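One structure is given here, and the rest of the page talks about it.
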Amino acid sequence: MSVQYFVKAVYAGIIAFLGGLLAALQAVEGTGIGDITTAAWITIVLATVLAIGGVLGLQAAPASIAVSVPKE
């Protein structure tokens, strides 16, 4: 597995984490980091893990499904 996949996965994870955090902070006006509920944190972390896994999982897809994945 090349470094490109890891860089893309980290980038996707950061974007998902920041997007989830922004959504949680904007849900109620005046909400701070300390006001985010446990359920919201679980949702943010789950979105991050799914984004990273989605990027890394593309490399392991069968060739008949993911024809755009270059062979190593």
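None of the figures in this text is laboratory data; all of them are computed from the coordinates on show. Being a predicted model, the structure only gives us computed values, none of them experimental. All Cβ positions, even for glycine, are placed from backbone atoms using ideal geometry, and neighbour counts span all protein chains on display.
Side notes on the structure shown:
- Cβ-based exposure ranking for Thr31, Thr37, Thr48, in which fewest neighbours within 10 Å come first: Thr37, Thr31, Thr48
- Chain lengthening between Asp35 and Tyr5 when straightened (0.36 nm per residue, less Cα-Cα): 7.3 nm
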